[in-house]
Amino acid sequence: MKRIYLDYAATTPTHPEVVKAMLPYFTDAFGNPSSLYSYGQEAKGTIEEARDKVAALIGAGSDEIVFTSGGTEADNFAIKGVAYANESKGNHIITSSIEHHAVIESCKFLERRGFKVTYLPVDKYGLVDPNEVKKAMTNKTILISVMHANNEMGTIEPIAEIGSIAKEAGIYFHTDAVQTVGHIPVDVNELGVDLLAMSAHKLYGPKGVGALYIGKGTKLIPFMHGGEQERRRRASTENVAGIVGFAKTVEIAQQEMNQEAKQLTYLRDQLIKGLLERIDHIRLNGHPQKRLPNNVNLSVEYVEGESMVLNLDLEGICASTGSACSSSSLEPSHVLLAMGLPHEQAHGSIRFTLGKWTTEEEIERVLDVLPGIVTKLRAMSPLSEN
Ligand code: PLP
């Protein structure tokens with residue numbers, strides 16, 4: 001059976017050109033960038049070229065990019081790094097209630113160590129209200145962290161508005177842009193952010209590599225201690241092959257992103273429209289327009305998300321009930337609950353995320369298969385309309 005992969009927000013297949021670009025760095029060009037001889041210096045040069053490319057994609061300066069082991073590390077570095085470097089100014093952080101666990105758990109960690117955190121509510125579409133950010137600010141606020149787009153239901157947040165509020169108040173502003181970099185335009189100057197987290201495996205690059213943008217003058221302490229790599233901001237021998245792969249994905253994104261977003265928006269809307277027409281008691285989660293071009297998240301009443309995912313798997317279709325990290329837990333998604341969905345609807349959610357290689361035939365196959373699965377599950381379900 002041919003598999004249909006519709007979980008691109010969990011991870012993407014590595015682009016064949018990216019694999020090709022990475023391969024020499026495991027064999028011929030394996031040097032340690034800290035070594036003085038030419039093998040090492042060549043690797044160092046390659047990393048600097050990669051840094052230029054990643055910086056250019058988001059309108060940053062090359063010296064404002066620090067490579068990390070992924071999005072989780074970039075979020076941890078930003079939040080804990082700013083918190084501990086600015087403790088003398090204050091101990092208050094503002095974030096939203098729909099952040100990825102990498103942000104939420106970093107904030108909870110800091111709360112256990114005496115910091116105060118405000119978790120902002122969102123509206124029914126999952127949008128953070130910039131006025132709520134303003135209202136939550138105190139003279140102790142040192143950091144605001146709101147994600148660029150949500151990984152579960154795809155809503156794109158008003159980052160530029162929050163950015164200007166943060167700038168006016170002189171408060172550092174971090175955004176988790178793991179789901180947007182390489183998919184929609186991201187420019188750190190237009191967004192007005194001081195810190196921005198990225199991850200290569202969400203844009204057809206390898207797993208285990210990402211970056212944190214740290215705007216000039218941003219005070220934060222290093223997260224990893226050891227050698228002097230990354231201008232003393234992140235110790236550990238650089239993941240040269242991964243960084244090269246990351247830069248290659250960025251190059252491809254620059255050429256293909258706009259056309260790809262158009263194509264994905266078309267397919268996304270076909271899938272949403274088709275499922276809303278074919279299944280009753282179903283609703284779209286997230287904002288209808290302010291949403292990622294590849295995200296479809298629906299709540300189907302009287303069925304469990306996990307049952308739909310497992311039945312789709314039997315048909316060779318990969319989808320998810322929420323973020324990859326929480327899809328093995330039976331707790332309903334904190335994101336959908338924050339948007340005001342009752343537990344039953346949050347439990348009945350299913351997410352399809354489309355990508356570069358998604359075809360119209362694949363969308364049609366989902367439209368053919370899912371309504372039957374829902375009918376079958378509802379027939380067996382103790383939950384019902386009555
Ligand atoms: N932030 C968001 C919004 C994500 O979707 C993810 C991945 O699921 C991460 C952070 C973590 O990134 P990584 O897997 O590179 O650690």
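Summing +1 for each Lys or Arg and -1 for each Asp or Glu, what net charge is found among the other residues whose Cβ lies under 13 Å from the Cβ of Phe223?
Local net charge: +1.
Positive end of the charge dipole of the chain (Lys, Arg +1 and Asp, Glu -1 on Cβ, about the Cα centre): tell me which of His225, Ala338, Ile165 has its Cα farthest that way.
The one lying farthest along the dipole's positive direction is His225.
Working from Cα positions, state the angle (0 to 90°, nearest 10) between the long axis of helix 159-169 and the longest principal axis of the chain.
Taking Cα atoms only, the helix is inclined about 40 degrees.
If I ignore ligands, DNA and RNA and count only protein heavy atoms, how much of Lys219 is accessible to a 1.4 Å probe, in Å² to the nearest 10?
Lys219 exposes around 100 Å² with every protein chain in place.
Given the Cα-Cα distance of Tyr125 and Asp28 and 0.36 nm per residue of separation, how much length would full extension add, in nm?
29.9 nm
Given 20 Å bins starting at zero, what is the percent of C-alpha pairs of the chain in each, up to the one with the largest pair distance?
28, 55, 17, 0
For the chain, what is the accessible area per residue in Å² when the probe is 1.4 Å?
With the other protein chains kept in place, the chain gives 43 Å² per residue.
Rank by packing, highest mean first: peptides 73-81, 1-9, with packing defined as the count of other Cβ atoms within 10 Å averaged across residues.
Output ranking for 73-81, 1-9: 73-81, 1-9.
In what sequence, highest mean first, do 361-370, 258-267, 32-41, 198-207 appear when ranked by Cβ atoms within 10 angstrom?
Descending packing order for the listed peptides: 198-207, 361-370, 258-267, 32-41.
With the full set of protein chains in place, find how many percent of the accessible area of the chain is carbon and sulfur; take the probe as 1.4 Å.
Solvent-exposed carbon and sulfur of the chain make up 52 percent of the total.
Could you sort Met380, Met22, Met153 by their accessible area in this structure, using a 1.4 Å probe and putting the largest first?
Descending order: Met380, Met22, Met153.
Please turn the phi angles of the range 246-258 into ³J(HN,Hα) values with the Karplus equation 6.51 cos²θ - 1.76 cosθ + 1.60 (θ = phi - 60°), one per residue in order, whole Hz, x for glycine and proline.
Listing the rounded values in order: 4, 5, 5, 5, 5, 4, 5, 4, 4, 7, 10, 4, 5 Hz.
Just how large is the dipole of the range 1-67 about the Cα centre, in debye to the nearest 20, putting +1 at every Lys and Arg Cβ and -1 at every Asp and Glu Cβ?
Dipole of the range 1-67, to the nearest 20 debye: 380 debye.
Relative to the first principal axis of the alpha-carbon coordinates of the chain, what is the inclination of helix 101-111, with its axis defined by its Cα atoms, in degrees from 0 to 90 and to the nearest 10?
Once rounded, the angle reads 60 degrees.
Taking the Cα atoms only, what angle lies between the long axis of helix 305-314 and the longest principal axis of the chain, rounded to 10 degrees?
Tilt relative to the chain: about 90 degrees.
Suppose only helical runs count, i.e. DSSP H with n ≥ 4. What mean residue ellipticity at 222 nm does that imply for the chain under -39500 (n - 2.57) per run, divided by all residues and rounded to the nearest 500 deg cm²/dmol?
Taken over the chain, the calculation gives -13000 deg cm²/dmol.
Counting only protein chains, not ligands or nucleic acids, how are Ser236, Ser96 ordered by accessible area (probe 1.4 Å), most first?
Ser236, Ser96
Tell me whether the range 123-221 comes out rounded, prolate or oblate; compute the Cα gyration tensor, take square roots of the eigenvalues as a ≥ b ≥ c, and use a/c under 1.5 as the rounded threshold.
oblate
Could you grab the relative contact order for the range 229-344? Cα pairs under 8 Å, six or more apart, rounded to a whole percent.
Contact order relative to length: 15 percent.
From Cα pairs below 8 angstrom and at least 6 apart in sequence, can you work out the relative contact order of the chain, rounded to a whole percent?
About 22 percent, as a whole number.
Hey, if you put +1 on the Cβ of every Lys and Arg and -1 on every Asp and Glu Cβ in the chain, which of His92, Val309, Ser34 ends up farthest toward the positive end of that dipole?
Value computed over the given set: His92.
At 0.36 nm per residue, and after removing the present C-alpha to C-alpha distance, how many nm does the segment from Ala235 to Thr265 gain when stretched out fully?
6.8 nm
Would you kindly derive the ³J(HN,Hα) couplings of the range 271-287 from the backbone phi angles with the Karplus curve 6.51 cos²θ - 1.76 cosθ + 1.60 (θ = phi - 60°), listing them in order in whole Hz, with x for Gly and Pro?
Those phi angles translate into 5, 4, 4, x, 6, 5, 6, 8, 10, 8, 6, 9, 9, 7, 9, x, 6 Hz.
What is the sum of charges around Ser145, taking Lys and Arg as +1, Asp and Glu as -1, for the other residues whose C-beta is under 9 Å from the C-beta of Ser145?
Counting the neighbours of Ser145, the net charge comes to -3.
The values are calculated or read from the model by the stated rules, or taken from the named source; none is laboratory data. A quick note: this is a predicted structure, and the numbers were derived from the prediction, not measured. Here Cβ is always computed from backbone atoms with ideal geometry, including for glycine, and neighbour counts include all displayed protein chains. For accessibility, only protein heavy atoms count, side chains too; no ligands or nucleic acids. Shrake-Rupley method; radii C 1.70, N 1.55, O 1.52, S 1.80 Å.
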